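Written out below as structure tokens is the structure these notes cover.
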Amino acid sequence: MEDLHIHMVLDGVDFRAAIGAHRAHPRDELIRKRLADYAAAGITLLRDGGDAWGVGLRTKELAPEYGIDYRSPAFPIYKSGHYGSFIGIGWADWAEYALLLNRAKALGADFIKLMISGLMDFNQFGVLTQPSLEREEIIRLISMAHDAGFCVMVHCNGTQATLAAVEAGVESVEHGAYLHDEACCALAESDAVWVPTLSTIGNLIGNGRFPDEVLKKILTGAMANVRRVADLGGKIALGSDAGAYCVPHNTGFRTERQWLSRALGENTDAILADGCKTIAQKFQR
Ligand SMILES: [Zn+2]
């Protein structure tokens, strides 16, 4: 089994404390415990979203001991002043971005992870925490990563950012909240795999931090889009966003499969197997 979107550095509870534990250096005992739990749960393939402290990279070194194929982007890359500063490394101009691509390559990254939009505001339906990057910017970011020999995973919400990423030939779209039908069609027609991380929404229902009526509305819309993209022949893969708030490691992938199967029905296994195969083939160097 697989989980194609996790954050080893995070714990699903408190991101500041989780990062704090690894800030001085990656803590092998914490990583080994989590890898052992994943192996015991039957996981053989994990793809990390990256972190600025080398936790994912260290995990990649240790994972073979647990029979786990671990893919890492080294660190996520964000535009300074935009979403991503809590976990990634920022760029302010194209020269800085080019240096980050070189740095990721030198560190042994399997692919590049880009932040190109904000987060969902779980208090207000239809609202993202900030505007996405510009279309031209998104296309240039992805093209430069491709030119450097990498496949690209984008943290991306909203129609505009998704259309730009797909236009640039991105290999995987993460989250993808609030997609209009135009974006669903573009995704389905492209070679990109969509990893909708439904757990990041569904797992919050009943938790009390955010209004359930907003969460349910977001989840219903996301599930309808998952179904729509699959019906149009698009690729969907299982990634829970384990480590994100309310998404525990080791069990996150099971819950994600449940959310996805509610959207995909009887074809769930075949669709997810196909999406997984594509990511496993592409997201390595
Ligand atoms: Zn994530």
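Bear in mind these aren't lab numbers, they're just calculated from the coordinates by the rules spelled out. From a predicted model like this one, the values you see are computed outputs, not experimental measurements. When we count neighbours, we look across all protein chains shown, and the Cβ atoms used for this are built from the backbone with ideal geometry, even at glycine.
With a simple spin-label model that places each label point 7 Å from the Cα along the Cα-to-Cβ direction, the separation between residue 25 and residue 189 comes to 5.3 nm. Between residue 273 and residue 65, residue separation times 0.36 nm minus the direct Cα-Cα distance comes to 72.4 nm. A Cβ-based charge dipole, computed about the Cα centre of the chain with Lys and Arg at +1 and Asp and Glu at -1, lands at about 520 debye. The trypsin sites (Lys or Arg not before Pro) found in region 191-248 that occupy coil by DSSP, while having at most 13 further C-beta atoms within 10 Å, are 209.
Could you list, in their original order, any pairs among 60/105; 113/217; 79/235; 60/113; 33/60 whose Cα atoms are separated by more than 18 Å? Mind showing how you got there, number by number?
On the way: 60/105 15 Å; 113/217 28 Å; 79/235 28 Å; 60/113 16 Å; 33/60 14 Å.
Those over the limit are 113/217; 79/235.
Modelled this way, with points 7 Å down the Cα-to-C-beta line, the labels at residue 213 and residue 254 are 3.4 nm from one another. Between the C-alpha center of region 221-285 and that of region 141-218 there is a gap of 12 Å.
Taking a quarter of the surface of the Cα convex hull of the chain, what do you get in nm²? All intermediate terms of the calculation are to be shown ahead of the outcome.
Numbers: hull surface 52.6 nm².
Averaging across all directions leaves 13.1 nm² for the Cα convex hull.
Estimated from the Cβ-Cβ distance and a Förster radius of 41 angstrom, the FRET efficiency linking residue 140 and residue 280 is about 0.90.
A dipole drawn for region 2-282 from +1 and -1 charges on Cβ atoms has a positive end, and of 115, 224, 63 the residue lying farthest that way is 63. Taking the Kirkwood radius as Rh and the Cα radius of gyration as Rg, region 34-167 has a ratio of Rg/Rh equal to 1.00.
Here residue 277 is the anchor, and the aspartates and glutamates within straight C-alpha reach of less than 15 Å, apart from those fewer than 8 places off in the same chain, are 2, 3, 69, 171, 191, 269. When the Cα positions of 278, 49, 94 are compared along the charge dipole of the chain, 49 comes out farthest toward the positive end, with charges on each C-beta of Lys, Arg, Asp and Glu.
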